[in-house]
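Following: one structure in C-alpha cells, then a few remarks.
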Amino acid sequence: MTAAVFIADDNSGDIDLIQLAFEENGMDPDYIIASNGLQAIELLKTASPALILLDIKMPGADGFEVLSFLRSQPRLHDVHVIVMSSSTATMDRERALKLGASQYWPKPARFDDSVHFIGTLRRFFLRT
C-alpha cells in the first residue's frame, strides 16, 4: 500500500480540514487515514507514505506510541513525521521531537493558518 500522505487523527473534522487545506494549495495527494493509534500502527506495517501527519491524543495508542513504532521500523525511519496537536504544552512538543518527529505543529484555530502551513509541505510530493 502506497500513499503520499498518511493522516492519523481521531477527529474527522480535523482530517477534513487538512484535506481541504491540501486542496486549497492545489495539491491532490493520495491519503491513508487512521482514526486511532492502533489502526495507524497496523496500516503503517504496509504503507509507505511520503509524509505522516500524526495527532497526539488518540484512542488505542497515542501519537507518541505511534511515533515510537515508526522510528523503530527501518523502512519508515526517515519518513517526515509532523506531530499535530491542540496541545501547546512544551513537554508534549519536546517529547515528540525527542521521539523523532520532524516537526511539531500546534493545530491552528484559523483555517487560513492551516492552508499556509500545508502549503509549506509541497516539497514532499512528486505530483502536485
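Listed here are the residues, each with its yes/no results for (1) in contact with a Leu (Cβ under 7 Å, 6 or more places away or on another chain); (2) within 22 Å of Val115 (Cβ to Cβ); (3) of a type outside the set (Asp, Glu); (4) surrounded by fewer than 15 Cβ atoms within 10 Å (Cβ to Cβ).
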| residue | (1), (2), (3), (4) |
| --- | --- |
| Pro29 | no, yes, yes, no |
| Leu51 | yes, yes, yes, no |
| Gly63 | yes, no, yes, no |
| Val66 | yes, no, yes, no |
Open item on the list: Looking at Leu38, Leu70, Leu44, Leu20, can you tell me which residue is surrounded by 14 or more Cβ atoms within 10 Å (Cβ to Cβ) and either among the β-branched types (Val, Ile, Thr) or in contact with a Leu (Cβ under 6 Å, 6 or more places away or on another chain) (or both)?
Closed with: Leu70
- [ ] For Gly26, work out the one condition from (1) closer than 14 Å to Leu121 by Cβ; (2) in a helix (DSSP H, G or I); (3) touching a Ser or Thr at 6+ places or on another chain (Cβ under 8 Å) it doesn't fulfil.
- [x] (2)
Task: Count of the stretch 92-120 residues which are within 25 Å of Leu76 (Cβ to Cβ) and of a type outside the set (Gly, Ala, Ser) - done: 15
- [ ] Give the number of residues within the stretch 74-121 that are β-branched (Val, Ile, Thr), in contact with a helix residue (DSSP H, G or I) (Cβ under 9 Å, 6 or more places away or on another chain) and either part of a loop (DSSP other than H, G, I, E, B) or loosely packed, with under 14 Cβ neighbours inside 10 Å (or both).
- [x] 1
TODO: May I ask you to list the residues in the stretch 52-66 that are hydrophobic (A, V, I, L, M, F, W, C) and either in a loop (DSSP other than H, G, I, E, B) or modelled with pLDDT under 95 (or both)?
DONE: Ile56, Met58, Ala61
TODO: Find all pairs meeting these conditions: Cβ atoms under 6 angstrom apart; at least six residues apart or on different chains; first residue within the stretch 4-19 and assigned to a helix (DSSP H, G or I); second residue among the acidic types (Asp, Glu).
DONE: Ile15/Asp9
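The values are calculated or read from the model by the stated rules, or taken from the named source; none is laboratory data. Here the structure is a predicted model, which is why all the values come from computation and not from measurement. No Cβ is skipped: glycine too gets one built from the backbone with ideal geometry, and neighbour counts run over all protein chains shown.
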